[in-house]
1. In the list GLU71, GLU50, which residue meets the criterion of being under 13 Å from the mean Cα position of the chain (by Cα) and under 13 Å from VAL17 (Cα atoms)?
2. Only one of ALA40, ALA9, ALA33 is of a type outside the set (D, E, K, R), over 12 Å from ALA67 (Cα atoms) and open to solvent by less than 40 Å² (accessible area, probe 1.4 Å); which?
3. How many residues are surrounded by 16 or more Cβ atoms within 10 Å (Cβ to Cβ), acidic (Asp, Glu) and either touching a Lys or Arg at 6+ places or on another chain (Cβ under 7 Å) or farther than 16 Å from ARG14 by Cβ (or both) if we restrict to the stretch 63-81?
4. Given the conditions (1) open to solvent by 100 Å² or more (accessible area, probe 1.4 Å); (2) in contact with a helix residue (DSSP H, G or I) (Cβ under 7 Å, 6 or more places away or on another chain), report the number of the one that ASP88 does not fulfil.
5. If I filter the stretch 46-62 down to residues being of a type in the set (Lys, Arg) and assigned to a helix (DSSP H, G or I), which single residue comes out as surrounded by the most Cβ atoms within 10 Å (Cβ to Cβ)?
6. So, in the stretch 12-30, how many residues would count as being open to solvent by less than 50 Å² (accessible area, probe 1.4 Å), touching a Phe, Trp or Tyr at 6+ places or on another chain (Cβ under 6 Å) and not small (Gly, Ala, Ser)?
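The values are calculated or read from the model by the stated rules, or taken from the named source; none is laboratory data. These numbers were taken from a predicted model, which means no experiment stands behind them. Note that each Cβ is placed from the backbone with ideal geometry, even for glycine, and that neighbours are counted across all protein chains shown. Quick note on the areas: whole protein, heavy atoms, side chains included, nothing else; ligands and nucleic acids left out. Shrake-Rupley method; radii C 1.70, N 1.55, O 1.52, S 1.80 Å.
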Amino acid sequence: MADVFQLLADPTRRRLVELTASEERSVGELVEATELSQPAVSKQLRQLREGGLVSVRKSGRKRFYQAETEELQVMVDWLLEYGPRWSDRLDALEDHLDEM
């Protein structure tokens, strides 16, 4: 779980996951969409692939990436379970600080 949050903490990696969530995209398309260099995009995609957040399909010399929704769903489920607990605690802290 920590790896997923760490990977998605980076705005470039979040953007790549967003771009590949609805459809498979080539590295060239991702370079165009992010306006980053091909090596920079490839580095971020490698990290996402190693973290299980995207999969890759090779077709000739091209590589196509697609977000892996199963890993993202694990994170969403965790947030739905633990998010309200933190929200309540943060609200209590805010109340306490207001009283001070």
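1. Values: GLU50 fails: under 13 Å from VAL17 (Cα atoms).
Among GLU71, GLU50, only GLU71 is under 13 Å from the mean Cα position of the chain (by Cα) and under 13 Å from VAL17 (Cα atoms).
2. On the way: ALA9 fails: open to solvent by less than 40 Å² (accessible area, probe 1.4 Å); ALA33 fails: open to solvent by less than 40 Å² (accessible area, probe 1.4 Å).
Exactly one residue qualifies, and that residue is ALA40.
3. Here the count works out to 0.
4. Going through (1) open to solvent by 100 Å² or more (accessible area, probe 1.4 Å); (2) in contact with a helix residue (DSSP H, G or I) (Cβ under 7 Å, 6 or more places away or on another chain) one by one, ASP88 breaks only (2).
5. Taking the stretch 46-62 first, the residues of a type in the set (Lys, Arg) are 46, 49, 57-58, 61-62.
If we keep only those that are assigned to a helix (DSSP H, G or I) as well, we get 46, 49.
Working: ARG46: 12, ARG49: 15.
Filtering first and then ranking leaves ARG49.
6. 1
Yes/no per residue for (1) touching a helix residue (DSSP H, G or I) at 6+ places or on another chain (Cβ under 7 Å); (2) modelled with pLDDT of 85 or more; (3) of a type in the set (Asp, Glu); (4) in a helix (DSSP H, G or I):
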{"site": "LEU19", "(1), (2), (3), (4)": "yes, yes, no, yes"}
{"site": "GLU32", "(1), (2), (3), (4)": "no, yes, yes, yes"}
{"site": "GLN44", "(1), (2), (3), (4)": "yes, yes, no, yes"}
{"site": "PHE64", "(1), (2), (3), (4)": "no, yes, no, no"}
{"site": "TYR82", "(1), (2), (3), (4)": "no, no, no, yes"}
{"site": "LEU93", "(1), (2), (3), (4)": "no, no, no, yes"}
